[in-house]
Amino acid sequence: MTHKKKEPSGCGCLNIPLSVIILFLGGGYWWFSQKGFSEISKLLPQNEQITTPISPSPPIPTTSFPKPINSPTKTSEAKPKTVQQQKTSLPPTPWEKKVIRGIYLSRYQITNNADEQTIRQRVRYYKSQGINTIIHGVWGNGCTMYKSEVMQQTLGYESCPNQFQSQWLNWLIDEAHKQGMQVHAYFEKGIKIDKNSPIFDLAISKKWIVPGVDRTYSGIDHYVLDVENPEVAALFKNILVEFVKKYPNIDAVQWDDYLGYYAELPGKVDRTENLTKFVQQMTSSMKQANPLVSFDICHHNPYWAKKYFAADWEKWGVNRVFIQAYNDKNFNEELNYAEKYAGIAITDYQLSRLKSLVNNPNIKSILIFPFSGNPEKTASSLKNSI
């Protein structure tokens with residue numbers, strides 16, 4: 001009997017070589033892990049999707065390098081220096097070391113009938129010429145250069161005849177302070193008047209004048225208001241108090257050698273003690289009204305002042321004294337005194353002496369009076385004279 005050969009049953013896996021099986025399993029594993037997994041996960045419900053934890057990447061080691069000097073960073077970028085930062089500050093010159101480098105502006109000069117812009121421009125001009133203090137006339141020949149209630153009440157008019165705008169002095173002070181400068185109020189001619197004074201006739205009728213003519217300076221006759229007269233003393237005291245209240249930002253007031261009596265007046269009366277009392281009372285009242293304002297004088301040396309003008313100013317209690325050295329014949333003598341006090345005052349006719357004064361460390365301040373009547377021209381000559 002012939003037997004038929006049995007057909008193999010099942011899948012026949014046993015007959016597949018082992019190497020093929022291993023190859024198949026390896027390829028299936030690769031497909032499942034790379035692509036098949038994502039395909040299968042799409043078929044599963046959202047809440048049953050398979051998640052496989054992903055191992056974090058190992059940290060990448062970093063090397064720390066020293067930061068270059070002055071290297072910019074995002075938080076603090078290097079910025080180019082401005083012109084002001086790059087500018088090297090130079091040491092002050094002997095001229096710049098002077099405490100006060102002042103110029104006098106006599107009454108009616110510069111500011112009379114000038115508008116605000118003109119006044120401010122002129123202040124800046126003086127600044128550019130090395131001036132740090134403007135000494136401007138605010139009183140002279142028996143009246144104020146600004147509107148004064150004291151003048152109105154006492155004498156019947158508010159100021160000397162002029163064309164000053166009402167804010168002229170405020171503009172001057174404001175601009176000077178913006179420029180780092182000072183303004184000193186100059187009580188020009190002090191207690192003396194001439195026949196052109198608006199109060200001359202009134203002073204004669206009220207007997208406010210000391211008998212005689214003051215001929216201290218040739219070419220003009222002066223008459224001295226008698227400060228021993230209570231009305232005269234009150235006028236000056238009230239004017240000064242009103243001024244430092246009206247202009248509280250003024251830096252100083254200055255009186256000159258016209259705060260004194262002429263020695264050759266008739267009668268040979270010694271008025272020294274009474275003049276001292278008057279100045280002491282006047283300055284005391286001013287300080288009570290505005291203690292921040294300095295009371296200064298520009299006068300002859302103490303010997304001359306007392307002997308020829310009854311001005312014993314060493315007893316007046318003033319803040320600063322500048323020695324007036326306008327007389328060139330006695331210049332060296334005045335210079336010795338100037339070195340002991342706040343400084344010296346010269347005229348524009350003495351600019352040849354300016355360089356030696358600037359280089360003298362004992363001269364603390366220099367004031368210049370433009371006798372020529374052109375203060376701007378005088379200021380422009382300073383740099384060439386140093």
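Could you identify the single residue in Ala233, Ala203, Ala185, Ala176 that is of a type in the set (Gly, Ala, Ser), closer than 30 Å to Glu96 by Cβ and in a helix (DSSP H, G or I)? Answer to the check: Ala176.
Of all the residues in the range 144-157, those that are open to solvent by 80 Å² or more (accessible area, probe 1.4 Å) and closer than 17 Å to Val244 by Cα number 2. Can you say whether Lys383 is at pLDDT below 95, under 25 Å from the mean Cα position of the chain (by Cα) and more than 30 Å from Asp226 (Cβ to Cβ), as far as the supplied structure shows? Answer is yes for this residue. Among residues of the range 222-239 that are in contact (Cβ under 8 Å) with a residue 24 or more places away in the chain, those with a Cβ under 6 angstrom from a residue that is among the acidic types (Asp, Glu) and surrounded by fewer than 18 Cβ atoms within 10 Å (Cβ to Cβ), sequence gap 6+ or separate chain, pair up as His222/Asp194. Just so you know, in the range 133-144 the residues that are part of a strand (DSSP E or B) and polar (S, T, N, Q) include one that is farthest from Ala203 (Cα to Cα), and it is Thr133.
When both residues are 6+ apart or on different chains and their Cβ atoms are under 8 Å apart, which pairs have a first residue that lies in the range 358-382 and is without any contact (Cβ under 8 Å) to a residue 60 or more places away in the chain, and a second that is assigned to a strand (DSSP E or B) and open to solvent by less than 50 Å² (accessible area, probe 1.4 Å)? If the second residue must be assigned to a strand (DSSP E or B) and open to solvent by less than 50 Å² (accessible area, probe 1.4 Å), the pairs left are Phe371/Thr347.
Do we have Ile239 as of a type in the set (Val, Ile, Thr) and outside any loop (DSSP other than H, G, I, E, B) here? Answer is yes for this residue. Considering only residues that are open to solvent by 10 Å² or more (accessible area, probe 1.4 Å) and among the hydrophobic types (A, V, I, L, M, F, W, C), look in the range 240-277 and name the one that is modelled with the highest pLDDT. Ranking the qualifying residues of the range 240-277, first place goes to Val241. Return yes or no: is Lys147 touching a residue at least 24 places away in the same chain (Cβ under 8 Å), among the basic types (Lys, Arg), over 21 Å from Thr378 (Cα atoms) and in a loop (DSSP other than H, G, I, E, B)? No: the conditions fail for Lys147.
The number of residues in the range 111-130 that are in a loop (DSSP other than H, G, I, E, B) and surrounded by 22 or more Cβ atoms within 10 Å (Cβ to Cβ) comes to 1. For the range 156-170, the condition holds for no residue, the condition being that it is within 30 Å of Tyr217 (Cα to Cα), at pLDDT below 95, in contact with a helix residue (DSSP H, G or I) (Cβ under 9 Å, 6 or more places away or on another chain) and part of a helix (DSSP H, G or I). Taken together, Lys287, Lys315 contain a single residue that is among the basic types (Lys, Arg), open to solvent by 60 Å² or more (accessible area, probe 1.4 Å) and in contact (Cβ under 8 Å) with a residue 24 or more places away in the chain, which is Lys315.
The values are calculated or read from the model by the stated rules, or taken from the named source; none is laboratory data. All values reported here derive from a predicted model rather than from experimental measurement. Cβ sites come from the backbone with ideal geometry, for glycine too, and all protein chains shown count toward neighbours. These accessible areas exclude ligands, DNA and RNA; they are computed on the full protein's heavy atoms, side chains included. Shrake-Rupley method; radii C 1.70, N 1.55, O 1.52, S 1.80 Å.
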